[in-house]
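The values are calculated or read from the model by the stated rules, or taken from the named source; none is laboratory data. Please read all numbers here as calculations on a predicted model, not as lab measurements. In this analysis, Cβ positions are derived from the backbone assuming ideal geometry, glycine residues included, and neighbour counts consider all displayed protein chains. In case anyone asks, the SASA skips ligands and DNA or RNA and just uses the protein heavy atoms, side chains included. Shrake-Rupley method; radii C 1.70, N 1.55, O 1.52, S 1.80 Å.
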Amino acid sequence: MKSQDAAERYRNGFLCSQAILAAFCERYGLDTNTALTIASGLGSGLRCAEVCGAVSGAVLVIGLKYGYTDAKNRAAKARCNAKAEEFVRIFRERNRHITCRDILGCDVSTPDGRQKAIDEKLFTTVCLDMVVSAATILEELGY
């Protein structure tokens, strides 16, 4: 299962975004090392406690499957947008939020917020749960 793969990658030290993209990438022709590299800057909510890295990684997976290369192809653009919106809607329904600071209840881009996340083990509990949730949703949606 891809959710177990993503969880294991996260437990092994990769960011949430990296864990998600790497778990699904080869199915869509992207090698794991490139996936890990591409997703490197997305963790901790784009490094500023905004969009959860697991969500960002999942949207990259959606782009791998439904992305387009012709800017004038409105149908392809609409399909990709709809698939991303579907994922975000489901993730929000299940987890209440899509932003890192709201999910964790602290702003990990600040020293105090980061320390709170460390002290309360939020990275190893809540963040791991978000990785599993994002990967599970992708699996349920057929990625």
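Remarks
- Centroid-to-centroid, using Cα positions, region 78-126 and region 54-74 are 20 Å apart.
- The angle between the Cα long axis of helix 53-66 and the main principal axis of the chain comes to about 10°, on a 0 to 90 degree scale.
- Close amide-amide hydrogen proximity is noted between residue 51 and 100, each under 5 Å apart and 5 or more residues distant or on a separate chain (H modeled in the peptide plane; Pro and chain starts excluded).
- For the chain, calculated [θ]222 nm from helices alone, where every DSSP H run of n ≥ 4 adds -39500 (n - 2.57): -19500 deg cm²/dmol
- Carbon/sulfur fraction of accessible area - region 33-111, other protein chains in place, 1.4 Å, %: 51
- A straight chain from residue 71 to residue 119 at 0.36 nm per residue would run longer than the Cα-Cα distance by 12.7 nm.
- Per residue, in Å², the accessible surface of region 55-143 once ligands and nucleic acids are set aside, probe 1.4 Å: 56
- Helix 126-140 axis versus longest C-alpha principal axis of the chain: approximately 20°, rounded to the nearest ten.
- Among 19-26, 76-83, sorting by the average number of other beta carbon atoms lying within 10 angstrom of each residue, highest first, gives 19-26, 76-83.
- Cα-projected label distance for residue 1 with residue 92, points at 7 Å along beta-carbon direction, nm: 2.7
- Reach of residue 65 by Cα under 28 Å, taken over lysines that are not fewer than 8 positions away in the same chain: 2, 77, 83
- Relative contact order for the chain, counting Cα pairs under 8 Å that sit 6 or more residues apart, in percent: 30
- Taking only the C-alpha atoms of the chain, the Rg (one decimal) and the largest Cα-Cα distance, Dmax (whole number), read 14.7, 49 Å.
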